[in-house]
Amino acid sequence: MSEGTNEGEKQREAIAELIVAGDEREALVALREAVGWPHGKSVPPSELPLWVGLLGTLVRRRDEQLGEVFDAVVRDPDSPDRLYELGYALIDLGAPAIAATVLWRCLALVGDSEEVVCELVSALESALAYPDAYAILHEHAALRDRSFLCRYLYGFNAAMSGDLDLARAVAPTLAPDSPETTAMQTTLVDLVARANLVAPRDARDLRGWHYVLAGGLLAHLSPYGLDEPMHGRYAWLADSLARVATGIAALEPLLAKLAVPCIYTPPGRDNEILAMAISIRTGLSLAPWPAVGVPAPGLVVAYDLATIPAAQAAQLVNRRADQLLFVHATPWTIDCPVAADVTTLLYQILVPPWAETPDSPVAELAAALAASPVLPAEDRADDASGWAALVELVWPFSPGVRSRMWAGGPVSSNRFT
């Protein structure tokens, strides 16, 4: 028995004990560390069904039918169809790093398969492993030649890995033939156009990369771990009135270049507090969210991008004249259907500043926010001159299609698993 196999047995025994003890979260974390990407690339094919069986035991506790998908791989571990089905299911379960390991094995069995390569790339994107997705697509030149989707994904993952030259080279080769492929082409062409206007300085230029990839302005950079390991993002953040006020202060000069008549906000207490505070600060009136159509022209305000319902996000995909989408907080580890034109900050886990006062009236909290000072200098890494230069170069935005908010990017940050 090899040392690696022996270590694998010990890991599986420890995880099995966690499952028996009912510590499902720790078991899943341990499984992800053992066989999630990129560690899973080195798992021997003979051991993969053992890991799948262990994970299936965990999954079956919540979904007996889904457990059958895991059992099918245990019974027939060299079946590409079974492996593909399992990889797809793992992505849906929110375990893309483990899905990538399963799909990597599937790809080894089938070779140059567009379906498997694209599903593997999807898993890697969800795991924020863009350079690995880029590398896999690079290895499949013949597939890229015959597949619009693979060619698009090659350019997109190159950009998300920091290679804008490759994205520039791929964009002109895309010849769409449907609304879906036209949308993909638009995504990459618009990204390249932004990159041609604003060249990020390096792999730590979070604000520059945010503009290029998401098409929005990032007002505030976290000073905590700025050099290493966060580079301007927040992981866990207990928000404050001063931090929210800092975002409002950055927003106000931008409004001067637009004919914004009123403020709209999706339903929700957090949104209402922020919108009312901005109304107090700017004198803009609050308007009801439209039952049909789009909230334009106007300033659309939300506290947390992740909380905007899909139906309302869909109303904001097309940026209208004199419409500005302002969101205080944007998650950086998950995709969102639309990116804000202006966001204050990027976070992974967020606690609003009024979370501990759930019974306080919205108007009272809004008044306190409107009167709050901004963050002191020691709590900011905002590079005022860099912000001013970027705003001068790109603002105001023209009407058009807003980008999705893509998770991750070339700028690295530590995150919770």
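The values are calculated or read from the model by the stated rules, or taken from the named source; none is laboratory data. For clarity, every value in this text was computed on a predicted model and none was experimentally measured. Using ideal geometry, Cβ is built from the backbone for each residue, glycine included, and neighbour counts are taken over all protein chains shown. Please note that ligands, DNA and RNA were not included when accessible areas were found on the heavy atoms of the full protein model with its side chains. Shrake-Rupley method; radii C 1.70, N 1.55, O 1.52, S 1.80 Å.
Just a few scattered comments:
- Surface composition of the chain: carbon plus sulfur atoms contribute 55% of the solvent-accessible area (1.4 Å probe, protein chains only, all chains present).
- Highest-fluctuation residue, Ala129, Ala171, Ala141 considered, GNM on the chain with Cα pairs under 10 Å: Ala141
- J(HN,Hα) series, the range 401-410, from Karplus relation 6.51 cos²θ - 1.76 cosθ + 1.60, nearest Hz, glycine and proline x: 7, 6, 6, 5, 8, 8, 5, x, x, x
- For the set Glu392, Glu24, Glu47, solvent exposure ranked by accessible area (probe 1.4 Å, protein chains only) runs largest to smallest as Glu392, Glu24, Glu47.
- GNM result for the chain, Cα springs below 10 Å: residue of Gly400, Gly298, Gly87 fluctuating most strongly: Gly400
- Gaussian network model of the chain, Cα within-10 Å springs - most flexible of Thr343, Thr101, Thr282: Thr282
- Each listed q (0.17, 0.24 Å⁻¹) maps to a log10 I(q)/I(0) for the range 157-249 from the Debye sum over equal C-alpha point scatterers, namely -0.82, -1.19.
- Given in Å, the Rg to one decimal and the Dmax to the nearest whole number for the Cα atoms of the range 345-408 are 16.8, 43.
- Alpha carbon centroid spacing (whole Å) that separates the range 34-94 from the range 165-236: 34
- Across the range 145-158, computed HN-Hα scalar couplings (Karplus, 6.51 cos²θ - 1.76 cosθ + 1.60, θ = phi - 60°) run 5, 9, 10, 4, 4, 5, 5, 4, 4, 4, x, 5, 5, 4 Hz from first to last residue, x flagging Gly and Pro.
- Ranking Val117, Val43 from most to least accessible surface, computed with a 1.4 Å probe over the protein chains only, gives Val43, Val117.
- Site-free segments of the chain were taken between chymotrypsin sites (Phe, Trp or Tyr not before Pro) in DSSP loops having at most 15 other Cβ atoms within 10 Å, sites themselves excluded; the longest one is 1-223.
- Here the range 43-132 is treated as a sphere whose radius is the Kirkwood value from Cα pairs; by Stokes-Einstein at 10 °C and 1.306 mPa s it diffuses with a coefficient of 124 µm²/s.
- Computed with a 1.4 Å probe over protein heavy atoms only, the accessible area of Lys10 comes to about 110 Å².
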